[in-house]
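Below: the structure, in structure tokens.
The values are calculated or read from the model by the stated rules, or taken from the named source; none is laboratory data. Everything numeric here is computed off the predicted structure, so don't read it as measured data. Using ideal geometry, Cβ is built from the backbone for each residue, glycine included, and neighbour counts are taken over all protein chains shown. Surface areas here come from the heavy atoms of the whole protein model, side chains and all, with no ligands, DNA or RNA. Shrake-Rupley method; radii C 1.70, N 1.55, O 1.52, S 1.80 Å.
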Amino acid sequence: MDKQIIEILEGLSLNDEKEIKKSINIFCTISKEEDINFKAIKSIFPSIIELLKKWDSIQDHTVISKTFEALSSLIRDKDYDEGFAPYFIKVGVVTIILEILDKSSDSMASHGEIATSAMLCIGDLILESDKILKNLVKNGYLGIVSKLLLTSTQPKMIGQCFWTVSNIASIDDKLLQSVIDSGILVNIINNHLEPPSNIQYQLNQKIIFEQYWCISNSIVSANDKQFKLIISDYRFLDYLQSIKKDLREDVISNYYDTISQVIIKTLQVCQNEHSLDFYKEFIADSFITSILKENNDLEKSKYFIIEEKLTNLNNFILFFK
């Protein structure tokens, strides 16, 4: 490997794109090997960082996209206690990736390939730890995603954007608040209920699925205030009732889990506020309370779970004083 490392460093030190590309191809090969020498790989990173900093001056876009491919392989390597992901944050790689995503969002027609590979790299980072995910949000990731959702025409990129947002929304109410503040959630719902004419991308099953998970995960992690906002101001129940017809059969089971969460959260709000106001205004006359009658073909396990949750809610309402 030492010989390969020297070859990579020599190639990256030149101003010849052919030599740089050759070095990155070797870097890609090494990153996928089983026995990776962490110290040897670290010695390459000052040169990799310099390459990424001048990403928009590299004519062959595959050089940068292959670099991200190698970084993703290293992130997924689990042979080290610390792993590569925290190291990437420490040396500033993550900051540079976010800068590239941000700047490329203004020129997706010419930099779409680079942006997509950068986004896939971000996706691998997000899976590593909540700490890394929080670092991304702190450094403006959600604002960048909001821009990408307006400028990208690539379904793969859009699906990845929503997938990362759904992961952020699922962690806790603090991160969910960042997602709410970004406007992404309300835009998902509004765009579904009233599709605008200026969306740049074509909806497909993958995008619909990832959008749904953004909304569904938000309900799970929401505190009382956030839950009430999503229900009252975001027309969530209209969205939930409408989206069912667009979901794949293998997602329908999760759809009813979301229904259960709405019932659980409603009871929680009523108990914490010692009031039925929220229930009466938004839930009582909604499809939620008649969900079992309208879906008598529901699989038994889901039926019994929802029945139990509704019984608990109805008992609270019946005996409320």
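Got a sec to turn the phi values of the stretch 161-172 into Karplus ³J(HN,Hα) couplings, 6.51 cos²θ - 1.76 cosθ + 1.60 with θ = phi - 60°, whole Hz, x for Gly and Pro?
After applying 6.51 cos²θ - 1.76 cosθ + 1.60, I find 4, 5, 4, 5, 5, 4, 5, 5, 5, 7, 6, 6 Hz.
Which of Gln261, Gln271, Gln226 moves the most in a Gaussian network model of the chain with Cα springs under 10 Å?
Gln271
Pop out the carbon and sulfur fraction of the accessible area of the stretch 171-321 as a percent, whole number, probe 1.4 Å. It would help to have the intermediate numbers written out before the result.
Values: 3750 of 7920 Å².
Ligands and nucleic acids excluded, carbon and sulfur give 47 percent.
On the accessible surface of the stretch 41-97, probed at 1.4 Å, how many percent belong to carbon and sulfur atoms?
Working: 1150 of 2420 Å².
C and S atoms contribute 48 percent here.
Between the helical axis of 61-76 and the dominant principal axis of the chain, each derived from Cα atoms, what acute angle in degrees is found, rounded to the nearest 10?
Helix 61-76 sits at roughly 70 degrees to that axis.
Along the charge dipole of the stretch 45-152, which of Ser146, Tyr87, Ile97 sits closest to the positive end, that is, farthest toward it, with unit charges on the beta carbon of Lys, Arg, Asp and Glu (+1, +1, -1, -1)?
Ser146
Just reorder Tyr141, Tyr87 by solvent-accessible area, largest first, 1.4 Å probe, all chains present.
On the way: Tyr141 0, Tyr87 25 Å².
Largest accessible area first, the residues go Tyr87, Tyr141.
Taking the Cα centre of the chain as origin, sum charge times position over the Cβ atoms of Lys and Arg (+1) and Asp and Glu (-1), and report the length of that vector in debye to the nearest 20.
On the way: 34 positive and 45 negative charges, 75 e Å.
Its charge dipole is roughly 360 debye.
May I ask you to derive the relative contact order of the stretch 1-131, considering only C-alpha pairs under 8 Å and at least 6 residues apart, and to give it as an integer percent? All intermediate terms of the calculation are to be shown ahead of the outcome.
Values: 110 pairs, mean separation 31.0, N = 131.
For the stretch 1-131, the relative contact order is 24 percent.
At most 14 other Cβ atoms within 10 Å and a DSSP loop assignment: could you name the chymotrypsin sites (Phe, Trp or Tyr not before Pro) in the stretch 215-314 that fit? All intermediate terms of the calculation are to be shown ahead of the outcome.
On the way: sites: Phe227, Tyr234, Phe236, Tyr239, Tyr255, Tyr256, Phe278, Tyr279, Phe282, Phe287, Tyr303, Phe304; in loops: Tyr234.
Sparse-neighbourhood loop chymotrypsin sites (Phe, Trp or Tyr not before Pro): none present.
Between Thr62 and Ala109, what length comes free when the chain is fully extended (0.36 nm per residue of separation minus the Cα-Cα distance, one decimal in nm)?
Working: separation 47, 0.36 × 47 = 16.92 nm, distance 1.50 nm.
Extending this stretch completely gives an extra 15.4 nm.
When the chain is fully extended, how far beyond the present Cα-Cα distance does Asn314 get from Ile264, taking 0.36 nm per residue of separation?
Values: separation 50, 0.36 × 50 = 18.00 nm, distance 1.14 nm.
Gain in length upon complete extension: 16.9 nm.
Quick one: Karplus J couplings for the stretch 105-122, per residue in order, coefficients 6.51, -1.76, 1.60, θ = phi - 60°, nearest Hz, x for Gly and Pro?
Taking θ as phi minus 60°, the curve returns 5, 7, 9, 5, 4, 9, 10, x, 5, 5, 4, 5, 5, 5, 5, 5, 5, 4 Hz for the stretch 105-122.
Could you give the size of the charge dipole of the stretch 243-300 about its Cα centre, using +1 on the Cβ of each K and R and -1 on the Cβ of each D and E, expressed in debye and rounded to the nearest 20? Display every interim value, and only then the final one.
Working: 7 positive and 11 negative charges, 9 e Å.
Result for the stretch 243-300 is approximately 40 debye, rounded to the nearest 20.
Based on the Cβ-Cβ distance of Thr153 and Lys225, what FRET efficiency does E = 1/(1 + (r/R0)^6) give at R0 = 41 Å, to the nearest 0.05? Could the numbers behind the result be given before it?
On the way: r = 36 Å, r/R0 = 0.89.
Rounded to the nearest 0.05, the efficiency is 0.65.
In Å², and per residue, what accessible area does the stretch 187-287 have when probed at 1.4 Å with the other protein chains present? Mind dumping the intermediate values first?
On the way: 4840 Å² over 101 residues.
That works out to 48 Å² per residue.
With springs only between Cα atoms under 10 Å, which of Leu149, Leu127, Leu176 fluctuates most in a Gaussian network model of the chain?
Between Leu149, Leu127, Leu176, it is Leu127 that shows the largest mean-square fluctuation.
Cβ under 11 Å from Ser104's Cβ, Ser104 left aside: what net charge do those residues give with Lys, Arg +1 and Asp, Glu -1? The partial results should precede the final answer.
Working: positive: Lys103, Lys147; negative: Asp56, Glu99, Asp102, Asp106, Glu113.
The answer is -3.
First measure r as the distance between the Cβ atoms of Lys21 and Lys245, then evaluate 1/(1 + (r/R0)^6) with R0 = 56 Å and state the FRET efficiency to the nearest 0.05. Mind dumping the intermediate values first?
Values: r = 48 Å, r/R0 = 0.85.
That pair, Lys21 with Lys245, gives E of 0.70.
With n ≥ 4 as the cut-off for DSSP H runs, can you work out [θ] at 222 nm for the chain, using -39500 (n - 2.57) per run divided by the number of residues, rounded to the nearest 500?
Working: 19 runs with 232 residues, N = 321.
Calculated mean residue ellipticity at 222 nm is -22500 deg cm²/dmol.
May I ask you to derive the FRET efficiency for Gln271 and Asp181 from their Cβ-Cβ distance with R0 = 35 Å, giving the value to the nearest 0.05?
Numbers: r = 27 Å, r/R0 = 0.78.
According to the calculation, E is roughly 0.80.
If one takes the longest principal axis of the Cα atoms in the chain, at what angle in degrees, from 0 to 90 and to the nearest 10, does the Cα axis of helix 141-151 lie?
90
How far apart, in nm, are two points set 7 Å out from the Cα along the Cα-to-Cβ line at Asp35 and at Lys293?
7.0
If you fit an axis through the alpha-carbon atoms of helix 2-12 and take the longest principal axis of the Cα set of the chain, what angle between them do you get, 0 to 90°, nearest 10?
Computed tilt is about 90 degrees.
Over the stretch 167-281, how many pairs of lysines fall under 16 Å by alpha carbon, counting only those 8 or more apart in sequence or from different chains?
Working: Lys174/Lys225; Lys174/Lys228; Lys206/Lys244; Lys206/Lys245; Lys225/Lys265; Lys228/Lys265; Lys228/Lys280; Lys265/Lys280.
For the stretch 167-281, qualifying lysine pairs total 8.
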